[in-house]
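Peer 1: I am attaching a structure below and will ask some questions about it afterwards.
We did not get these values from a lab; they are worked out from the coordinates using the rules stated. Predicted, not measured: the structure shown is a model, and the values here were computed from it. For neighbour counting, all protein chains shown are included, and Cβ atoms are generated from backbone atoms with ideal geometry for every residue, glycine included.
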């Protein structure tokens, strides 16, 4: 079964059409997508850097993870809403874009990883955590989220 | 030599053309994704000052431990940003978005200077306060607003609504410094 008809449908829904027709809606939504990027980037980096023994390394990991969590979830929500809007205006282009599929694959993996393995590890008592395991979790998280970012930027160039 | 003449001179240098035709998308991606490190971490300090995040972590600890990363991110931003300007100098020089962004950058720089030479000098007095004193909160709020404006106006440089090669209102022509013979895209 091809997903193309679904992508064509997305593009023809009223919202997608409105964004495509407007001169300024796409750039403005894209702007907020970028502001979300700043927040999600900061919230992820603080914790992943800490897992690597960098940055706020004197703070308990669990405390940093709990403090940044509302901002991680909030900015992820902004990213998903603005992202779906941007997608709906050019869904067919995305269907044929390698960067789009690369980004979506990384995004799915990043979300699953963040809210399962990474969440369990970061909320664990510091004393029980092995430093090697912490570093691996941070590197996987950084690799997946970087893939999302690079893939996203590259959709615009394809 | 005027700013425009300088931009035209830059545009004719071989490296400007080479970047424009070559690694421009790569440099732009680095510029955008470094937002996570530079603006992202600067925002984390602002949120700490406002008392909405990491309330139990001393302010000086957040500032000192994150500063090297923020500075490194800033250096990457300035270098990649300068290269992006160098690749498209004339159009950027005549862009109201670019001009607005530079103005906001100067204000953001002043805000950092006022914060560090003012209230932050006495940080030991309020290091552990869950919510920083008013002058620090003002600096944090200004920082959030200015960086948001910088990110948004930076993104808008790519769009051509106010480009000089199109007919523009007198206000836009004045603010963008449009010169007819220099504005062919």
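Peer 1: Would you mind getting me the FRET efficiency between residue A:4 and residue B:170? Use the beta-carbon distance for r and R0 = 56 Å, nearest 0.05.
Peer 2: According to the calculation, E is roughly 0.70.
Peer 1: Give the Rg (one decimal place) followed by the Dmax (whole number) of the protein assembly as shown, computed from C-alpha coordinates and expressed in Å.
Peer 2: Radius of gyration, then largest Cα-Cα span, for the protein assembly as shown: 21.8, 69 Å.
Peer 1: Now a separate question. How are the alpha carbon pair distances in segment B:127-170 distributed across 10 Å bins from zero to the largest one, expressed in percent?
Peer 2: 23, 27, 22, 16, 10, 3
Peer 1: Ok, one more. Please report how far the C-alpha centroid of segment A:47-108 lies from that of segment A:4-22, rounded to the nearest whole angstrom.
Peer 2: When both Cα centres are located, 24 Å separates them.
Peer 1: Per-residue ellipticity at 222 nm for chain A, helices alone: DSSP H runs ≥ 4 residues times -39500 (n - 2.57), over residue total, nearest 500 deg cm²/dmol?
Peer 2: The per-residue figure over chain A is -25500 deg cm²/dmol.
Peer 1: Given a 10 angstrom Cα cut-off, can you work out which residue in B:77, B:104, B:54 is the most mobile in a GNM of chain B?
Peer 2: The residue that fluctuates most here is B:54.
Peer 1: Next up: Report, to the nearest 10°, how far helix B:24-33 tilts away from the longest principal axis of the Cα atoms in chain B, using its own Cα long axis and a range of 0 to 90°.
Peer 2: Orientation of helix B:24-33: about 20 degrees from the principal axis.
Peer 1: Could I have the simple spin-label model distance between residue A:13 and residue A:128, label points 7 Å from Cα toward Cβ, reported in nm to one decimal?
Peer 2: The answer from the label model is 4.2 nm.
Peer 1: Continuing with this model, one more query. Could you work out which residue, out of A:78, A:47, A:13, moves most in a Gaussian network model of chain A, that is, has the largest mean-square fluctuation with Cα springs under 10 Å?
Peer 2: A:13
Peer 1: Per-residue Cβ counts within 10 Å, from other chains only, averaged over A:40-49: what number is that?
Peer 2: The per-residue average across the peptide is 6.
Peer 1: What does the helix-only formula give at 222 nm for chain B: each DSSP H stretch with n ≥ 4 adding -39500 (n - 2.57), the total divided by the residues, and the result rounded to the nearest 500 deg cm²/dmol?
Peer 2: -23000 deg cm²/dmol
Peer 1: Per 5 Å bin from zero, what fraction in whole % of the C-alpha pairs of segment B:3-182 is there, up to the bin with the longest pair?
Peer 2: 1, 8, 14, 18, 16, 13, 10, 8, 6, 4, 2, 0
Peer 1: Right, another one. For the Cα atoms of chain B, what angle does the longest principal axis make with the long axis of helix B:134-156, in degrees from 0 to 90, nearest 10?
Peer 2: 30
Peer 1: Helix A:131-155 against the longest principal axis of chain A: what's the angle in degrees, Cα atoms only, rounded to the nearest 10?
Peer 2: 20
Peer 1: Next question, about the same structure. With an 8 Å Cα cut-off and a minimum separation of 6 or more residues, compute the relative contact order for segment A:4-155 in percent.
Peer 2: Relative contact order here is 33 percent.
Peer 1: State, to one decimal in nm², a quarter of the convex hull surface area for the C-alpha atoms of chain A, i.e. the direction-averaged projected area.
Peer 2: Average of the hull's projected areas for chain A equals 10.1 nm².
Peer 1: Just from the alpha-carbon atoms, what are the Rg and Dmax of segment A:11-61 in angstroms?
Peer 2: 18.2, 52
Peer 1: Within 10 Å of each Cβ in A:59-65, how many Cβ atoms from other chains are there, averaged over the peptide?
Peer 2: Mean shielding count: 2.
Peer 1: Mean-square fluctuation check for chain A, GNM, Cα pairs under 10 Å: which of A:14, A:41, A:147 is largest?
Peer 2: A:14
Peer 1: Take the Cβ-Cβ distance between residue B:56 and residue B:121 as r, set R0 to 25 Å, and report the resulting FRET efficiency rounded to the nearest 0.05.
Peer 2: 0.60
Peer 1: Right, another one. Bins of 10 Å, beginning at zero and ending with the bin holding the largest distance: percent of Cα pairs per bin for segment B:1-84, please.
Peer 2: Whole-percent P(r) values from 0 Å outward: 16, 32, 24, 16, 10, 1.
Peer 1: Within 10 Å of each Cβ in peptide A:141-149, how many partner chain Cβ atoms are there on average? Round it to a whole number, please.
Peer 2: 1
Peer 1: Counting pairs of alpha carbon atoms under 8 Å apart in space and at least six apart in sequence, what relative contact order in percent does segment B:9-74 give?
Peer 2: 35
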